[in-house]
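Engineer: Before we start, here is the structure in question, set down as structure tokens.
No value in this document is a laboratory result; all are computed from the given coordinates. Keep in mind that this is a model prediction, so the values were computed, not measured.
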């Protein structure tokens, strides 16, 4: 389950400067310089989110609240860890269909915003060069 979505996510994330992939907590995770988490891919019932295919990523302040309030069938708040990790992250359902189907250009923009949120300024500057 979720192979097609993982491949699309992988293509988006690995196109960003110095992003690599490795498993974390049994799920694919994309890291900046091998250290800072950019996003997680979930295709199982992780922290009681239900059996959904989803992306978890950091987001600029206020964005998760705004998107979840506006479109709760497409976005959610990931369950924070005991230490508070994920409390300001955004969850995006990647298995939505019909009117709520995934807009992969939007997903790419969300991941780029996550990158701009957590990457070192020297790497964020490389995004401007690519544009």
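Engineer: May I ask for log10 I(q)/I(0) of segment 58-99 at q = 0.15, 0.22, 0.30 Å⁻¹, from a Debye sum over the Cα atoms as equal point scatterers with solvent left out?
Structural biologist: So the normalised log intensities work out to -0.36, -0.70, -1.04.
Engineer: Taking a cut-off of 14 Å, what percent of all Cα-Cα pairs in segment 48-117 are separated by more than that?
Structural biologist: Pairs farther apart than 14 Å: 58 percent.
Engineer: Angle, helix 121-130 long axis vs. longest principal axis of the chain, Cα atoms, 0 to 90°, nearest 10?
Structural biologist: 90 degrees
Engineer: For every helix of n ≥ 4 consecutive DSSP H residues, a contribution of -39,500 (n - 2.57) applies; sum these over the chain, divide by its total residues, and give [θ] at 222 nm rounded to the nearest 500 deg cm²/dmol.
Structural biologist: On the way: 4 runs with 45 residues, N = 131.
Estimated from H runs of four or more residues: -10500 deg cm²/dmol.
Engineer: Over the chain, what is the relative contact order in whole percent, taking alpha-carbon pairs under 8 Å and six or more residues apart?
Structural biologist: It rounds to 22 percent for the chain.
Engineer: Using only Cα atoms and rounding to the nearest 10 degrees, what angle (0 to 90) does helix 3-14 make with the longest principal axis of the chain?
Structural biologist: The two axes meet at around 30 degrees.
Engineer: Taking the chain as the reference, fit the longest principal axis to its C-alpha atoms, fit the long axis of helix 104-118 to the helix C-alpha atoms, and give the angle between the two in degrees, 0 to 90, nearest 10.
Structural biologist: The angle comes out at about 60 degrees.
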